[in-house]
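Shown next, in structure tokens, is the structure this report addresses.
The values are calculated or read from the model by the stated rules, or taken from the named source; none is laboratory data. This structure is a prediction, so every number in the text was calculated from the model and none was measured. Backbone-built Cβ (ideal geometry, glycine too); neighbour counts: all protein chains shown. Remember, those area values only see protein heavy atoms, side chains included, never the ligands or the DNA or RNA. Shrake-Rupley method; radii C 1.70, N 1.55, O 1.52, S 1.80 Å.
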Amino acid sequence: MRTPVSHELAPRLDPGAIEPARYRAWLEGGYFHVPASAVLEEGREPYVIVIPPPNVTAVLHMGHGLNNTVQDVLIRWRRMQGRAALWVPGTDHAGIATQNVVERQLAAEGLHREDLGREAFVERVWSFVNETGGVILDQLKAIGASLDWERTRFTLDPELSRAVREVFVHLYEKDLIYRGEYIINWCPRCLTALSNEEAEGAESVGSLWHFRYPVAPEAQEAAEAAHRASAESDRPGAIGRFEDGRWYVTVSTTRPETMLGDTGVAVHPDDERYGALVGAEVELPLTGRRIPVVADVHVDPSFGSGMVKVTPAHDINDFEIAGRTGLEILDVMNPDATLNEEVPERFRGLDRSEARERVLGALDEAGLLVDREEHTYSVPQCYRCDTVVEPRLSDQWFVRMEPLAQPALAAARDGSISFTPAHWKRVYEHWMENIRDWCISRQLWWGHRIPVWYCSCGEVIVAREDPDRCPQCGSTELEQDPDVLDTWFSSQLWPFSVFGWPEETDDLEAFYPGHAMVTAPEILFFWVARMVMMGYEFHGEAPFSQIYLHGTVRDAHGRKMSKSLGNGIDPLDVVERFGADAMRYTIVSQCAVGTDISLDHEDVEGAFANGRNFANKIWNAGRFALMSLGEEPVRPLEDVEGDLRLEDRWILTRTTRAGRSATRALERFRLHDAAESLYHYFWGDVCDWYLEVVKGRLGPDADPASREAARSTLVTVLDRALRLLHPVVPFVTAELWSKLPWPDGLERPDDLIIAPWPDGADGFEDADAEGRMDDVRAFVVEVRRLRKEYGIPEGQRITVHVTGGPESFTPALENQATALERLARVERVDSVGASGVGGHAVLENGAELFVPLEGVIDIAREVERLQDEIARLDKQLEGTRARLANEKFTSNAPPEVVQKERDKAAQLEEQESKLREKLEGLEAGAS
RNA sequence: GGUCGCUUAGCUCAGCUGGUAGAGCGCUACGUUCACAUCGUAGAUGUCGCAGGUUCGAGUCCUGCAGCGACCACCA
């Protein structure tokens, strides 16, 4: 069935030689594919993760590496637990991002999308996506992602588009989608509306300008009254007098160009300073338009002058003030942020930065620009192109979020959905509690077209199927809304649209709702929160129960890895150089809950050394085991139980415990803990101790019963260890496991990928053996230390006298004679205390060790060596002390240098006193 | 402005429900015993940001302060 081919194993793991073939074998074995029947017919318990669909045009970066490694670890682990573990792959059409890429291509050809027209442009995007899209999915294969490729989905697939349309119409019919004219975030470069989430704040230093608006002639008395009231108030006033005696008010802005759209000035209704002015008018400079002073609660009397100019069409707060006070709404800007016909002629047609200069110039000339201050504030930018967003009045489609948020909020509160790390729960709740309506229409061509048609008779048709005539007037001249939907509108349906909803499919029944959602905190609001809302709206429950938010990948300086910073690491390059296992282990071992991952892009080898070394260690341990086991049959562990020795019982116990702690860690998304504890179990316990101890029992000359027990134990331990390690380092483990001999008569799974997970629940356990072996190990370590301390040559065998310690200690040591010889070159353990020249040590268990040195080392030479050493230290000390005694040095050198010198002196003194103590001991014994 | 988080060995960071400080990398010394030098053995290094408090006992809980960061909101 399988022939051990240990002699073929290279002494170094060559990932390139095994990984692609392994992955192919898994694909061919169909291990990644989970049909609905596995759940519906075979009754297996499902475990479902849907991938956060990367942008269809994306190429793999470390962030994907992290995200997908985590998911794959979870999926592989659950698969081994016997769950019908399904991980659904796919990509997102990424509206703005993809359209931008293609538009840039066009620009390089000197073309604009308008040159092609909508249909041709969309066709062009499709062909771009068909040619280059989905590359990232192939790249995921290189890192070992065990996705069910038969289920690959794309958010623009016909089935998923049907889901989008169903949802739109459903929400519209429930009055949860509406169209209206509101202030939205407008990107003047992408020429589309954005949601609040898509406008990201960026700290920026700008200016705050102060202007004077003349008070209208008939309101001079009111102004004077307000001026008097201001003088009585302890707050500064905004009322002043020009040289000609006319009154003015002072207002401020960070965006002077919008002043042309001012339709009012507002004060707080309770502000004692300005009560007299409410209802009066001021003149808007540059236009001469009269605008009223209104009272509104939004104004903060304690900020600035307590008087605000109101520009309803270009500021969200001002828009709300207008709504409450009835101020006029005057849009003075075009979609591309150019002043329009509503403004005086000399300012028309200017883009916003030019307009700003002109307006400032004109105001200055008129003597109305009085001051400019530096002002740090957060400027909203387009999340796709970083252009400063323009708040703008616009007719758009919105989702009414509050009703949808209710159940999604309750889900977090009652624990229906859990967050890891837990503190994200509060962030999520805060967002839900303060939710605002979602602008979902985008003035793009790439995406799901809004399913709304307009008839010339005024009828608006919102329909699941494209209508061919108006139900009202029968006209066939219908025009579809030109806009498309926000990309996230389709993404939010992903957990169920991938399973064929709104059709009632077997997949939905079998796999929905899913279990874990693994993603980055950045898209908690964009995506995760909205998926939960949609889950409740359309299925009455959350689409997953656990939300695991992992950290961000950063470079050695803590900066986020990004293309623009040039500090990225290409995961494929890492896979090529060190293997997917190395990359996965490195990532997972750093993946502590709530922390970021840092990898040095300037030292990629160093960054992944740990993972590479570990994979190689596993490889070599396996290589050794396979070579030692040979081709003879191995007996099941039960058959040799009576012959198990202390170290066998110990390592079997350790294995059980390793399984238990790994399971516990994984259940709580503590991937770092799982990886690290398995690392120490394997490297520390299995390799450093068990393999070393058992070496002497595997040869042809060893006692047959002991040999068989060792072989059975070794196979058992290796089998379990490889299973436990498999989710993190799937390739090297599967490769070795496939070559591992198997105990006669025991059923062997077809592949490690589906071998049952050894959770340790019913594993071998012998606490007594564990304790005794720990004593033996402590003994070995202490002897090694003594050997080192006294410079006993490597090859020199010694006798150790032991007294005290637990009763079982000395017999245990006797039983480990071969191992002790091998591990510490201890020829004989004598239980009779001895005296004379030698090294002493006391173990934690109370045993005292004595190593006679007469005849072991040359005492005279050792004394000489120690004397030399002391002399050397003395000389060093002399120099340091001289320097410290020198006042010029202590007073002139930098304090830290002096301190360093002092530390050095102290250290040398301590070393020397230790050596002197040792020397005295030797000399006393020798005499 | 609000909320939350972080500050532990030279570097990057673990440390869950309070009980004698840990890992990896790096560093030092020794080592080519046939799994592995991508290795082995041994070793050095920390007033756990600062100041208080609770406790028999605090890196771990509480309060205040400082520095850093994240998210949200945004005051014109």
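Quick notes on this one:
- In this structure the amide hydrogen of A:ARG554, modeled in the peptide plane, comes within under 5 Å of the amide hydrogens of A:MET561, A:ILE597, A:SER598, A:LEU599, none closer than 5 places in sequence on its chain.
- One compactness figure for chain A is 1.29, namely its Cα radius of gyration divided by 2.2 N^0.38 Å.
- Segment A:5-74: trypsin sites (Lys or Arg not before Pro) in DSSP loop, at most 12 other beta carbons within 10 Å: A:ARG12
- A:ASP138 contributes an accessible area of around 90 Å² to the protein surface, as traced by a 1.4 Å probe with all chains present.
- For segment A:403-414, Karplus couplings with θ = phi - 60° (6.51, -1.76, 1.60), whole Hz, Gly/Pro x: x, 6, 6, 3, x, 5, 6, 4, 4, 6, 5, 8
- Euclidean distance of C-alpha centroids, segment A:603-673 and segment A:247-303, integer Å: 75 Å
- Taking every alpha-carbon pair under 8 Å whose residues sit at least 6 apart, chain A reaches a relative contact order of 13 percent.
- The relative contact order of segment A:587-681 comes to 47 percent, based on Cα pairs under 8 Å that sit 6 or more residues apart.
- Once the chymotrypsin sites (Phe, Trp or Tyr not before Pro) in DSSP loops with at most 15 neighbouring Cβ atoms within 10 Å are cut out of chain A, the longest remaining piece is A:304-927.
- Degrees separating the helix A:158-173 axis from the principal Cα axis of chain A, which is the longest one: 50 degrees
- Residue order for A:HIS314, A:HIS430, A:HIS672 - accessible surface, 1.4 angstrom probe, largest first: A:HIS430, A:HIS672, A:HIS314
- Order of exposure, largest accessible area first, which applies to A:VAL379, A:VAL278 with probe 1.4 Å: A:VAL278, A:VAL379
- C-alpha long axis of helix A:704-725 to longest principal axis of chain A, angle in °: 10 degrees
- Across segment A:580-593, coupling constants 3J(HN,Hα) worked out from phi with the 6.51/-1.76/1.60 Karplus curve, θ = phi - 60°, read 5, 4, 4, 5, 5, 4, 4, 5, 5, 5, 9, 8, 6, 4 Hz, and Gly and Pro carry x.
- Segment A:453-545: mean projected area of Cα convex hull, nm²: 7.8 nm²
- Derived scalar couplings ³J(HN,Hα) [segment A:248-264; Karplus, 6.51 cos²θ - 1.76 cosθ + 1.60; whole Hz; x for Gly, Pro]: 9, 10, 9, 10, 10, 7, 9, 10, x, 4, 7, 4, 5, x, 4, 10, x
- Tensor-based shape of segment A:571-673 (alpha-carbon gyration tensor, a/c under 1.5 rounded, otherwise prolate or oblate): oblate
- Tensor-based shape of segment A:88-166 (alpha-carbon gyration tensor, a/c under 1.5 rounded, otherwise prolate or oblate): oblate
- Counting only protein heavy atoms and using a 1.4 Å probe, the accessible area of A:GLU465 comes to about 140 Å².
- Under-5 Å amide H pairs with A:ALA85, H placed in peptide plane, nonlocal only: A:TYR47
- Degrees separating the helix A:859-885 axis from the principal Cα axis of chain A, which is the longest one: 30 degrees
- Accessible-area ranking of A:ASP874, A:ASP555, A:ASP507, largest first, probe 1.4 Å: A:ASP874, A:ASP507, A:ASP555
- Segment A:850-881 and segment A:692-745 have Cα centres separated by 46 Å.
- Anisotropy class of segment A:52-196 from Cα gyration tensor, a/c 1.5 cut: oblate
- Estimated from helical segments only, the mean residue ellipticity of chain A at 222 nm is -13500 deg cm²/dmol, where each DSSP H run of four or more residues counts as -39500 (n - 2.57).
- For segment A:286-366, trypsin sites (Lys or Arg not before Pro) meeting the loop criterion (DSSP other than H, G, I, E, B) and having at most 16 other Cβ atoms within 10 Å: A:ARG348.
- Using every pair of separate Cα atoms, the Kirkwood estimate puts the hydrodynamic radius of segment A:493-597 at 16.2 angstrom.
- At most 15 other Cβ within 10 Å, DSSP loop - trypsin sites (Lys or Arg not before Pro), segment A:439-495: A:ARG464, A:ARG469
- Its residue count N sets the reference 2.2 N^0.38 Å, and the alpha-carbon radius of gyration of segment A:1-136 equals 1.50 times that reference.
- DSSP beta bridges fully contained in chain A are about 70 percent antiparallel.
- Mean separation of Cα contacts under 8 Å (6+ apart) over length of segment A:683-743, as relative contact order %: 24 percent
- Built amide H within the under 5 Å cut-off of A:LEU330, gap 5+: A:ALA313
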